[in-house]
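Taking it in order: structure first as structure tokens, then the write-up.
The values are calculated or read from the model by the stated rules, or taken from the named source; none is laboratory data. Everything quoted here is computed from the prediction, not taken from an experiment. Heads up, the Cβs are rebuilt from the backbone with ideal geometry, glycines too, and the neighbour counts pull from every protein chain shown.
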Amino acid sequence: MSVPRFLVLLLAACFAAPLVAAPAGESAAQTISVDPSRDALLPTRTLDGRPHLLVKAALDGQPEGWWLVDTGAAGMRISAEYAAAAGLADAGSVRAMAIGGASERRRWRGGALRLGQVTFHGLDYTEMPKLPGIEDVVGIIGTGAMSQAVFQFELVPGAPRVRVFARQSPPLARLPWKPVALDPRQLVIIDAMVEDKATGKFRMDLGAGTGLAMRAPFHERHELREGRELTRRQVRGGGGPIDVDEGRLAKVEALGVSVADLPALFLPEATGMPDSGLDGEIGIKFFSGMTLWLDLGQSRMALQRSS
């Protein structure tokens, strides 16, 4: 069975989570530096026509590589090969959980990661699992970087653009900022209503190539599978494969925006993931045609329809 790449990435990048925190006092100092002579706009592409956002970034003088930008990834991820080439300091290992089960992942820290005009120093990285379809991706940019700068996403279908700014950049002061709820790992939590009958809490996950991914307790409690045309898919996560159902939702409302005919995933009861207390993930297709600014360090975001 072929595995759509958006499903592979949904499982690999968006659900992976360390089971233990980094030991206190061992992380390198995390700071940023800004070079205004550089463009804030990053080289951006999608993954072979899929909606996943890939940007180019350079780590410690290495050639620029493609990194997946994922608001659903706690911390940062990196391939073992790229970490070795950059000479990052070994920081042991961590037991990481992904859909399908837990696995041991190596950790590194340090280095300077340049994203356009902003360079991030002293970040911590966890090993990125090897999965088919993402061989040219060297890392995943998650909350480790997004908590220190402002990320702008112009989610125009077929031509997305990503910019990174220092928080003090003057144009940011005029944006329609709204406070957002963050979980302990600085992941954004959003209230969403599904088809005017079911309200839940969803993690915002731009690494998820669908519109809404719903966990079994939520979609079963509200009978959201009933009478709906569904397609069974097998997806591979860091801990192994599972089966999910794919369908469409007539309407989903969140953040003052209503989106019709939204693609959705219906996850099974047993995913190998611990209970997060959330009802699922709201993915990049919900935000299609919008411009989104994230400032996780200040627990705020801004959202506008793209012109």
Consider Gly122 carefully, then state whether it is farther than 21 Å from Leu47 by Cα and touching a helix residue (DSSP H, G or I) at 6+ places or on another chain (Cβ under 7 Å). no
Members of the range 138-181 found to be in a strand (DSSP E or B) and surrounded by fewer than 16 Cβ atoms within 10 Å (Cβ to Cβ), listed by number: Lys178, Pro179, Ala181
Pairs returned, first residue in the range 70-87 that is on the phi > 0 side of the Ramachandran plot, second residue that is in a helix (DSSP H, G or I), beta-carbon separation under 7 angstrom, 6 or more apart or interchain, are Gly75/Thr143; Gly75/Gly144
Restricting to the range 98-117, count the residues that are modelled with pLDDT of 90 or more, over 14 Å from Ile78 (Cβ atoms) and not in a strand (DSSP E or B). 2
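Residues are listed down the side, and each one gets a yes or a no for (1) over 22 Å from Glu64 (Cβ atoms); (2) free of Cβ contacts under 8 Å to residues at least 60 places away in the same chain; (3) in contact with a strand residue (DSSP E or B) (Cβ under 6 Å, 6 or more places away or on another chain):
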position	(1), (2), (3)
Gly142	no, no, yes
Pro176	yes, no, yes
Val180	yes, no, yes
Pro184	yes, yes, no
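Within the bounds of the range 81-97, is there any residue that is in a strand (DSSP E or B) and among the charged types (D, E, K, R)? Quick ask: steps written out before the conclusion?
So the first thing to find is which residues in the range 81-97 are in a strand (DSSP E or B), and the list is 89-97.
From the residues that got through so far, the ones that are among the charged types (D, E, K, R) too are 90, 95.
Yes, because at least one residue in the range 81-97 is in a strand (DSSP E or B) and among the charged types (D, E, K, R).
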Let me spell it out: the conditions are (1) crowded, with 20+ Cβ neighbours inside 10 Å; (2) touching an Asp or Glu at 6+ places or on another chain (Cβ under 7 Å); (3) not hydroxyl-bearing (Ser, Thr, Tyr), and Gly87 meets all of them except one. Which number is the exception? (1)
Would a scan of the range 224-236 turn up a residue that is in contact with a Lys or Arg (Cβ under 6 Å, 6 or more places away or on another chain) and either assigned to a strand (DSSP E or B) or not assigned by TED's automatic domain parsing to the domain that holds Pro43 (or both)? no
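Filter the range 182-223 down to residues that are in a strand (DSSP E or B) and of a type outside the set (Phe, Trp, Tyr), then give me how many there are. Lay out the reasoning, then the answer.
In the first step, residues of the range 182-223 are kept if they are in a strand (DSSP E or B); the result is 182, 188-194, 198-205, 212-214.
If we keep only those that are of a type outside the set (Phe, Trp, Tyr) as well, we get 182, 188-194, 198-201, 203-205, 212-214.
Here the count works out to 18.
Hey, could you check the range 219-241 for residues that are of a type outside the set (D, E, K, R) and modelled with pLDDT of 95 or more and say which is farthest from Leu54 (Cα to Cα)? Give the steps one after another, and end with the answer.
Narrowing the range 219-241 to residues of a type outside the set (D, E, K, R): 219, 222, 224, 227, 230-231, 234-235, 237-241.
Filter once more, keeping what is modelled with pLDDT of 95 or more: 219, 222, 224, 230-231.
Numbers: His219: 31, His222: 35, Leu224: 32, Leu230: 29, Thr231: 27 Å.
Residue satisfying both the conditions and the ranking: His222.
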Failed criterion for His121 (all others in (1) closer than 16 Å to Gly297 by Cβ; (2) surrounded by 20 or more Cβ atoms within 10 Å (Cβ to Cβ) hold): (2)
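Please specify each residue of the range 46-84 satisfying the condition of being β-branched (Val, Ile, Thr) and at pLDDT below 90.
So the first thing to find is which residues in the range 46-84 are β-branched (Val, Ile, Thr), and the list is 46, 55, 69, 71, 78.
Of everything in the range 46-84, just one residue is β-branched (Val, Ile, Thr) and at pLDDT below 90, namely Thr46.
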For Asp196, which of the numbered conditions (1) crowded, with 16+ Cβ neighbours inside 10 Å; (2) at pLDDT 90 or above fails to hold? (1)
